[in-house]
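Derivation of every value follows stated rules applied to the coordinates shown; laboratory data play no part. Every value quoted in this text rests on a predicted model; they were computed, and no experiment measured them. Glycine also receives a Cβ, built like all others from the backbone with ideal geometry; neighbour counts cover every protein chain displayed.
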Amino acid sequence: MTHIGEFASKDDCMRAAIRKLAVEIQRCPEAEMYHIVWISPDPDENQRVDRRAVLYERGRKEIGYEHDVFSGISGKAYTVDDAAIQAVAERGGTLYDFSAYEQRNK
């Protein structure tokens with residue numbers, strides 16, 4: 001698990017988290033699960049500050065958003081590999097950019 005700080009917008013933290021994930025994949029190539037965690041206000045909970053994360057499960061090749069750290073992927077999970085993560089990180093992309101690299105239909 002890696003903490004990347006506090007962010008005001010989900011878009012900003014997603015971009016930062018994916019860039020950090022690309023670094024962590026290179027730094028710890030044997031890891032099977034990566035949690036890139038940040039702190040952000042929750043607009044649906046009257047700005048309560050919570051920990052959110054990008055979760056990448058390497059064995060399942062799934063990446064997605066964790067609304068609560070260690071709760072698993074909330075919503076859409078993308079099936080991608082390390083190369084796709086590197087490519088999206090280099091472009092400063094978000095989770096939605098993984099749809100171009102989705103491997104489920106290949």
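Numbers below:
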item	result
Tabulated pairs, segment 78-94, first more than 10 Å from residue 15 (Cα to Cα) and free of Cβ contacts under 8 Å to residues at least 60 places away in the same chain, second β-branched (Val, Ile, Thr) and buried (at least 20 other Cβ atoms within 10 Å of the Cβ), C-beta under 6 angstrom, 6+ apart or interchain	78/63; 80/63
Top-ranked residue of segment 61-76 - restricted to ones that are over 16 Å from residue 3 (Cα atoms) and among the aliphatic types (A, V, I, L, M), ranked as surrounded by the most Cβ atoms within 10 Å (Cβ to Cβ)	63
